[in-house]
Amino acid sequence: MQKIGVFVCHCGTNIAATVDVETVAKTLGKEPGVVFTTDYPYMCSQTGQQMIQDKIQELGLTGVVICSCSPRMHEQTFRKACHKAGLNDYMVEIANIREQCSWIHKDKQEATEKAVILGRAAIAKVQLNAPLTAGTSPVTKRALVIGGGIAGIQTALDIAEAGFEVDIVEKQPTIGGKMTQIDKTFPTLDCAACILTPKMVDCAQNEKIHIYAYSEVEQVGGFVGNFHVKIRRKARFVNEDVCTGCGACTEKCPQKKVPNAFNLGLDTRRAIYIPFAQAVPKVATIDPDYCNMLKNGKCGVCAKVCTAGAIDYKQKDTTIEREYGAIVAATGFNPIDLSQFDEFAYSKSPDVVSSLEFERLMNAAGPTGGTLLRPSDGTHPKTIVFVQCVGSRCEDAQKGKSYCSKICCMYTAKHAMLCREKYPDTDVYVFYIDVRTPGKNFDEFYRRAVEEYGVHYIKGMVGKVVPENGKLKVQASDLLDNRQLHIDADMVVLAAAIEPDKSARSVATMLTASMDTNDFFTEAHPKLRPVESPTAGVFLSGTCQGPKDIPETVAQASAAAAKVIGLLCKDSLTCNPCVAEPNELMCNGCSNCEKVCPYGAITYIDKEFRGPNRTTLIRRVAQVNPAVCQGCGACTVACMSGAMDLKGFSNKQIMAEVDAICR
Amino acid sequence: MQGVKEKALELLASGKAQRVLGWKTGEFFYDLTPGVFESAEEVEREFEYGVFAGANLSKYCIAESKKDGVTAVFLKPCDAYSFVQLLKEYKVKREKFYIVGVQCDGMCDMEKIRAAGISGATAVSEDGDTLKISTIYGEETMKKSDALLLKCKTCKSKKLVIFDELLGEQGEDCPESHRFDEVERLERLSPEERFSFWRGELSRCIRCNACRNVCPACTCETCVFDNHNLGTDNKAAASDFEENFFHIIRAFHVTSRCTDCGECSRVCPQHIPLHLLNRKFIKDTNELYGAYQAGADLESRPPLMDFRKDDCEPSVVYERGGAKG
Amino acid sequence: MQVTWKPTIVAFCCNWCSYAGADLSGTNRLQYPANVKIIRIPCSCRLNPMFILRAFQKGADGVILCGCHPGDCHYTTGNYYARRRMTLLFSMLDFLGIEKGRTRVEWVSAAEGAKFAATMNEFVKTITELGENRRLEDLRCKE
């Protein structure tokens, strides 16, 4: 039996005006286990707290009930006060007789009766309280960033700036991501490479940052502060430490017919390649699908021309293992596959291109050297039609995405504007459902496209594109003028919806981070914790969380870095002591709790138990990682036998409160 | 159904299984109970299979799964669903069993035979759709369909969802089972009528725990009603509500895990139609969250451990049709 | 006894939204009957159906669960699970002939003090009209 002290607060007249505090204190004194009761004008005052502390020490109280304002107000205050007197923080319960009693009732008798009942419930609960101690776990002061696009780069730079080690894992041979393929950026029209490549170089030169390009995360274990990660470094067949990036091999390689992925297949490259001039790390990679030496052992030209001796045809994938305190997902996006949109003749005509392909066709380092030419015959297009919302805001889930891809309105305005600026003799049409321009200087930018650059914006969708005699017959509707349009275009540009990178799902599974139906990572809270995953220690950077433009991506990347730094600054993490705890003897091993845990805090192990007659039996039982559990209690209800219980809000405690209220 | 006993002998002889989980005669000839057989002699002496082999053997697999070697088990379609559900919840190990799927066209209930006015039965055999009953007064016959167990009358599926070997043909789902008819009938009643129906039924409960013991979904190490840490453990029925509490929670705990094998009602000595509680949950889950059959596969997420963001609100219960209360 | 009968109502409130909403209705001095007694739980998904039945068994006349609005759960998914559990439980209680409306779920955010008070007023009214809970009660607990 506990020795419980009950302290009833007047809160000046806030409580005492409607609740007969003296009666409450007296009545509660008759409850089992209560050895002391009193009432006092301001329990939270220095004197009030001192009184509680004195009584704890004088009477050896093992539990304290304070009838006062909401626990949201002063629970911490009273816990700290009791702590100083040597009572465990979690032996304190608050009966909320202000916000939930005196303030909402007028009848003094009713309010007093209710205050007594609320006090009883708190006493009944504290009877069953047990001292809880918050555990701690150490923090490995190193972060992992998965994805080396602008989001990953910015996060890594910010973390490194704060003095922590960061590893970037990038599956492509170079970091830089989608932004490397973009020509100019809206709304300022500065060149993407000019602002991105210095950051890539910064990453390479920062001694706190380690780039694992051409690598993939293979396995993630552990929890916040203590992740163990296996990273697979794919074989480049080139020794990264020796290669100087001179590019001699990429000029001599006889295999010239490899589609150039960097230019989205609009031109070709060699079997040994450096994706682009400013690649980081600037080392060559052999494409095993095309290299004659790797395929049939006949060639070896690159090894002959490499003066550094970096070529290694026998190189194998290697795995490295590292410990991390925090992990940032920055897995990025891709435009959706357009093969489903046959009405736009994307797979029939090379002159129907996606917006990203269009970026390459406009880029000075692109396949056409920056001159806009039709991929089919290399002529200048005179009439260009842009189609927006291709696969965005799409009702057909098989074909496209239900969400707005957010960036297309702005980049289409940019494309249209650049076309008109470079080639004033072209006619540019943009078909749109709505033009969405929320963002600093965004609407001004779009209006410039219309008003200054004379881009024809037409509200309506393109119904069909038919290639005919070297032209693209575009059938469309103009919803404002309510008429059908037929345009003979030379080029059609499709603003493809963007979707999370395919690798995101497997990354999320490894991280036990949750995703929404579109495979975007879910935030811990959509408004208040937008850069954290619900899984502790996992943070979100960039478009893996939802469509974003570059400034938003960078802002989120820095925000994620700030969260990581906040975590890595700590030497150890204090865990929430009110966590779930399974009773192994009763655990069923059914995995129901594991299924509903939003944090991946529950794992199962096979454990040996003593059986009857000196036998042992192996049973599958649940384990809760207290560093990961957040104490929601979803598992306790999924558990049928009641083996899983929540400390601080145990089944028995809540039942006792129910009994006290209903008796 | 021929060949079950022979198959048991064959599996023991070939060494494919170290023991066989099957049926044997209990107190009475119509009382086939689960039995474990380790030798051909035991099989010869005690193994029985016939129209009274209604018992679902899957729950007994939990104990057999802990033994060394392989156990051969005979599973009827409804039993096989239970087995898969147990597999899904890690209560049995697949490699410990050699599963003989036994196709089944329904098992019989002695009480139905008695109810048809046939008394003094000493043996029952089937011949197609006809049941041949030897009695101390001579031979009698009746239609087998009139003698079926309640659970077999509303059989949900004749598909064997798991087996290593099949006796008889693979079957299909039975969408025309009308298994929810009785639930629907009750739903149409007024709350008062439903309340008096259930009070009449549940007040007969003697808390013998037969339903809990036979249920292949009731596999807890310690039942919540035996769990001292919860304050819900109680020994005997002391008032009307104790049974309500027990049966509501029991049905809730097997929700999205109950395969609707019907064993609870079969074994209830007080003839309480407990399966209706389970079926109500199954019907609701199907209607509100999409069709789901527990034990049909290993991968699907049970509806109670799953959600959709656009799930209906609990108030839907009060908005749905049926008589007002 | 009959003349002065007032229903006993247990309100389970999640710590993050609804408990704060209840506090707000106090801060704004929004009245609701004193028969409503609040039990604080971390999340609506902590509510075990056994707690509801226990409350009825011990003499409660109505039980209400308040949690964060779907999509706003502090633990992201808790109220989604709670919603399914409660839907099925309520349906079962209805199936057993318990009066419609004795149990309820309402989503109340931390900003919805007014909604909390209104909900409680409404719920107390409903339960008062339904009368004493006799169908779901352990008779032993009545003096």
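Per-structure values
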quantity: Ordering of B:159-166, A:110-117, B:171-178 by burial proxy (mean other Cβ atoms within 10 Å per residue, highest first); calculated: A:110-117, B:159-166, B:171-178
quantity: Rounded D (µm²/s) - region A:336-497, Kirkwood Rh over Cα pairs, Stokes-Einstein at 37 °C, 0.692 mPa s; calculated: 208 µm²/s
quantity: Region C:9-141: C-alpha pair distances exceeding 18 Å, %; calculated: 51 percent
quantity: Cross-link table B:K59/B:K88; A:K30/A:K55; A:K414/A:K473; A:K257/A:K295; B:K59/B:K96, entries beyond 21 Å C-alpha to C-alpha; calculated: A:K414/A:K473
quantity: Share of alpha-carbon pairs per 10 Å distance bin for region A:235-316, given as whole %; calculated: 20, 57, 23, 1
quantity: Global size of chain A as Cα Rg and Dmax, reported in angstrom; calculated: 32.7, 100
quantity: Histogram of C-alpha separations across chain B, 10 Å bin width, %; calculated: 5, 23, 32, 26, 11, 2, 0
quantity: Peptide A:120-129, shielding by other chains (average Cβ, 10 Å cutoff); calculated: 1
quantity: For chain C, calculated [θ]222 nm from helices alone, where every DSSP H run of n ≥ 4 adds -39500 (n - 2.57); calculated: -12500 deg cm²/dmol
quantity: On Cα atoms only, tilt of A:46-59 relative to the major axis of chain A in degrees; calculated: 60 degrees
quantity: Projected area averaged over orientations for region A:70-140, convex hull of C-alpha atoms, nm²; calculated: 6.4 nm²
quantity: Sparse-neighbourhood loop sites, GluC sites (Glu not before Pro) in region A:396-453 - DSSP loop, at most 14 other Cβ within 10 angstrom; calculated: A:E452
quantity: Taking the convex hull of Cα positions in region B:74-203, its mean projected area over all directions (nm²); calculated: 11.4 nm²
quantity: Crossing angle, helix C:113-130 versus chain C [Cα axis fit, 0-90 degrees, rounded to tens]; calculated: 20 degrees
quantity: Net +/- balance of residues flanking B:F28 in space, Cβ distance below 14 Å, scoring K and R +1, D and E -1; calculated: -3
quantity: Tilt relative to chain A, helix A:71-84 - C-alpha long axis, 0 to 90 degrees, to 10; calculated: 60 degrees
quantity: Taking all pairs of distinct alpha-carbon atoms in region A:4-127, Kirkwood radius in angstrom; calculated: 13.7 Å
quantity: When each of B:K159/C:K100; A:K252/A:K282; A:K252/A:K502; A:K199/A:K314; A:K171/A:K382; A:K282/A:K314 is checked by Cα-Cα distance, pairs over 27 Å; calculated: B:K159/C:K100; A:K252/A:K502; A:K199/A:K314; A:K171/A:K382
quantity: Protection proxy ranking, peptides A:20-27, A:166-173, B:21-28, average beta carbon neighbours within 10 Å, highest first; calculated: A:166-173, A:20-27, B:21-28
quantity: Translational diffusion of region A:580-647, µm² s⁻¹ [Kirkwood Rh, Cα pairs; Stokes-Einstein; 20 °C; 1.002 mPa s]; calculated: 176 µm²/s
quantity: Pairwise FRET efficiency - B:H228 versus B:E10, Cβ, R0 = 41 Å, nearest 0.05; calculated: 0.30
quantity: Kirkwood Rh and Cα Rg combined as Rg over Rh, evaluated for the protein assembly as shown; calculated: 1.03
quantity: Bins of 10 Å, starting at 0 and running to the largest distance - Cα pair percent for region A:610-663; calculated: 19, 36, 26, 16, 3
quantity: Region A:284-339: trypsin sites (Lys or Arg not before Pro) in DSSP loop, at most 10 other beta carbons within 10 Å; calculated: A:K298, A:K314, A:K316
quantity: Shielding by partners, peptide A:527-533 (average Cβ within 10 angstrom, other chains); calculated: 1
quantity: Which listed pairs, of A:K108/C:K58; B:K156/B:K280; B:K5/B:K151, have C-alpha distances above 22 Å, in listed order; calculated: A:K108/C:K58; B:K5/B:K151
quantity: Cα principal axis extents for region A:333-406, largest first, Å; calculated: 37, 24, 18
quantity: Orientation-averaged projected area, Cα convex hull of region B:105-147 (nm²); calculated: 2.6 nm²
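Only the coordinates and a few stated rules stand behind these numbers; no lab work does. All figures in this text were calculated on a predicted structure; none of them were measured in a lab. Methodologically, a virtual Cβ is constructed for each residue, glycine included, from the backbone with ideal geometry; neighbour enumeration extends over all protein chains shown.
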